1. Of all residues in region 146-155, how many are touching a strand residue (DSSP E or B) at 6+ places or on another chain (Cβ under 7 Å) and assigned to a loop (DSSP other than H, G, I, E, B)?
2. Inspect all residues belonging to region 206-221 and state whether any of them is touching an Asp or Glu at 6+ places or on another chain (Cβ under 7 Å) and touching a residue at least 60 places away in the same chain (Cβ under 8 Å).
3. Within region 79-115, take every residue that is at pLDDT 90 or above and among the hydrophobic types (A, V, I, L, M, F, W, C) and give me the one that is farthest from A150 (Cα to Cα).
Amino acid sequence: MHDRLIRFDRILNFRDFGGWETADGGKVARGKLYRSAAFHDATESDLERLDALELRFLVDLRRPEERAHEPNKTMPGGCRVIFSDAGAGGPALPPHLVALMQSDLTPQSTRDYMLALYREIPFDPRLVGLYRDWFAALAEGGAGVIHCAAGKDRTGVGCALTLIALGVDEEAVFADYEFTNQAVDLERRMPRIQARMEERLGKKLDPAALRPMLGVEIDYLRAALAAIEARHGAALAYIERILGVDEAARAALRRKLSA
């Protein structure tokens, strides 16, 4: 798994999520599907490394307020940037920080918040539109990257749906998702993250209550998929009805992204 992680100076959780085997005996190509945290802190060296990947498109899942607060560095030439301004003018603080302000800040309350968040992600109209844009860009060809702020929740759901659409089995889908916990080296970064959150919130935080929010758990992704199945019967039905990627489109994607 660690060979999927691409090291940058200041870009976190950037990795190739191709390379998985598919149910029909094929394999998803490497060097086409990337996932990441945001690029606002990228160094010049990082931008040069991104340029070498020959990215054709980038889908930024962040809310308008997040992008305004921490705008991405200008991407290398030839990379189309896709985002959505739907819902502009919302709260200045990200929802997870608002939740921390309103919560009793126990590990269980934070975990309950994350489970509720994941049940909502697949049906957020702005994210649905961006997931549709991601699949449309994939259909056009070339290498792309999908990201949010930390590259784990909104991005995690988008990547899971991508792998499901490509015929990757559930075990691999969850393995890719859970690798975030190793990719971000949460224990090492926890003190700095905690300090930054405390500064923005103006209150002390318990590290034990932060962990469920800063890492990922398989149950989070299971909650998202269960919510999808409750409304649509199966993830593939959601991918077809809501994201507009029918069986023919999925077959074309598999051919385009086949190793």
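The values are calculated or read from the model by the stated rules, or taken from the named source; none is laboratory data. Since the model is a prediction, treat every value here as computed from it, not as a measurement. Positions of Cβ are generated from backbone atoms using ideal geometry, with glycine treated the same way; all protein chains shown enter the neighbour counts. With ligands, DNA and RNA removed, areas are computed over all heavy atoms of the protein, side chains included. Shrake-Rupley method; radii C 1.70, N 1.55, O 1.52, S 1.80 Å.
1. 1
2. Scanning region 206-221, I find at least one residue that is touching an Asp or Glu at 6+ places or on another chain (Cβ under 7 Å) and touching a residue at least 60 places away in the same chain (Cβ under 8 Å), so the answer is yes.
3. C79
Condition check ((1) open to solvent by 10 Å² or more (accessible area, probe 1.4 Å); (2) in a loop (DSSP other than H, G, I, E, B); (3) at pLDDT below 95) across all residues:
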{"position": "G144", "(1), (2), (3)": "no, no, no"}
{"position": "V157", "(1), (2), (3)": "no, no, no"}
{"position": "L161", "(1), (2), (3)": "no, no, no"}
{"position": "Q182", "(1), (2), (3)": "yes, no, yes"}
{"position": "R188", "(1), (2), (3)": "yes, no, yes"}
{"position": "M197", "(1), (2), (3)": "yes, no, yes"}
{"position": "P212", "(1), (2), (3)": "yes, no, yes"}
{"position": "L243", "(1), (2), (3)": "no, yes, no"}
{"position": "R254", "(1), (2), (3)": "yes, no, no"}
